[in-house]
1. Quick one: order Ile191, Ile18, Ile301, Ile363 by neighbouring beta-carbon count within 10 Å, fewest to most.
2. Taking R0 as 41 Å, what FRET efficiency do you get between Ala59 and Leu244 from their Cβ-Cβ distance, rounded to the nearest 0.05?
3. Expressed in nm to one decimal, what extension gain is obtained for the pair Phe275 and Cys31 from 0.36 nm per residue of sequence separation less their Cα-Cα distance?
4. Quick check for me: using +1 on Lys/Arg Cβ and -1 on Asp/Glu Cβ, what's the dipole size of segment 258-389 about its Cα centre, in debye to the nearest 20?
5. Taking the Cβ of Asp49 as the center, what net charge do the other residues with Cβ under 9 Å away carry, scoring Lys and Arg +1 and Asp and Glu -1?
6. Projecting each Cα onto the charge dipole of segment 310-395 (Lys/Arg +1, Asp/Glu -1 at the beta carbon, about the Cα centre), which of Thr322, Tyr357, Thr383 comes out farthest on the positive side?
7. If you stretched the chain out fully between His392 and Leu334, how much longer would it get, using 0.36 nm times the residue separation minus the C-alpha to C-alpha distance?
8. Under 10 Å, Cα contacts only: if you run a Gaussian network model on the chain, which one of Gly124, Gly360, Gly294 comes out with the highest mean-square fluctuation?
Amino acid sequence: MKKLVSVVLPTYNEEANIASTTLKVLEQEKCLQDWEIYVVVADDIRSSDRTEQIVKELAKKNKRVHFIKVEPGLGVGLIKGHQYALDYLKPDVLAQLDADGQVVPDVLVRLINVIEEGYSLAIGSRFVTGGKNQLTLVRKIFTYGASLFCRLFAGPWNIKEVTNSARAFTPELFKKINLKRLPWRERTFIIQPAFLHEAILAGAKYKEVPLVFKNRLEGYSKNKVFNYTYDVVTYSIDVFLNRLGINIRFFYLTRRAKTFVKFSMVGFIGTMVDFLFYKIFINGLGFAPATAKGFSAEIAILNNFILNNFWTFRYRKTKTNTWQKLGIFNLVSLGGLLISVFIVKFLHIIYGDGFIYLFGRHIAYNNFYFFATIPPVMLWNFTINHFITWRHSDD
Ligand SMILES: Nc1nc2c(ncn2[C@@H]2O[C@H](COP(=O)(O)OP(=O)(O)O)[C@@H](O)[C@H]2O)c(=O)[nH]1
Ligand SMILES: [Mg+2]
């Protein structure tokens, strides 16, 4: 009796690739004499192209091809795909690959061989001998950076590849994975490193095998690299904190508070821009400090507006146009400026000019007045911009 491997192919608008990828995956059987390959295509309900019709046609002709429709998100596609396989196909090994043909499908043979050697988890990797990453420079930097960050903070150090889906594992391992903790329902690719982490906690015996990742020829990538970077960083910090015994669900909190976190990052960058131009105007152009501050503050406001408009609140549909938003944003910032002046004035009246002695230095009270303005001004700016400047309107 042959053994059975189910291969989940998650799809989201993959009409140009899914037929050829499915056939190439099934073809790998010629290098796997003891195995029968089954394919489960897990198509996102948001797919608006012909992926579904194409796979259903294939499934009619070939009982090895199965099709399910799944809720949005890569994690949902993968997990629901494996659950379907366990329920209906009773596989000896669960495997998964990208459906777009970017990953050369012969990796499947190596993944299964590793499971046959006695490992419970085989990981396709661009970072072991024979592996190749033929993506653009930005993506290469991301792959490497994510790998390094995960290895340092989440561990283990000896897994080099964390951000692709090509893997195989035993049903026993899959059943031991804590799905309550794994963020598989989140609409992000974080499932890729998070699944590894949870698999290791579930006792996986793992090994990496080489994989060639080509550039995409057809269709488009759904990988939002900037968001993915944010998730990899916050997830790894979450794991790290957990290890220190600090269980504050950092990943979930920062995801829920994502807009606020982005807004704060913009504010931080804006403060640096403000300070940089303040110094340039004074030292380079000989402006008086007050004049320099006026110009540098407006440059910082423009900087923050652009970042907030095209990043923080990018998905907000507003009734106002960009110029109107810029006008409102300036007014809100002016409000913030007034608030900070009042706070400094108020604190100065109460506490006056003084020093405290900290770390062997005299530190003037006015430094604390400056920093005391940041939380209330942040709150003001965020609240007003959230509810007014970038007010979301559905119609
Ligand atoms: N079901 C499902 N599949 C997805 C989703 N996002 C991406 N995929 C599939 O996952 C695979 C990898 O995604 P891709 O966009 O190619 O990311 P990249 O290879 O990292 O650029 C492809 O087969 C996609 O069709 C999703 O939200 N739901
Ligand atoms: Mg891809």
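Where a number appears in this text, it was derived from the coordinates with a stated rule and is not lab data. A quick note: this is a predicted structure, and the numbers were derived from the prediction, not measured. Here Cβ is always computed from backbone atoms with ideal geometry, including for glycine, and neighbour counts include all displayed protein chains.
1. Ordered from fewest to most neighbouring Cβ atoms within 10 Å, Ile191, Ile18, Ile301, Ile363 come out as Ile363, Ile301, Ile191, Ile18.
2. It comes to 0.25.
3. The Phe275-Cys31 span can extend by a further 81.5 nm.
4. So the magnitude is around 540 debye.
5. Spelling it out: positives minus negatives among the neighbours equals -2.
6. Thr322
7. Stretched out fully, the His392 to Leu334 stretch lengthens by 18.6 nm.
8. Gly360
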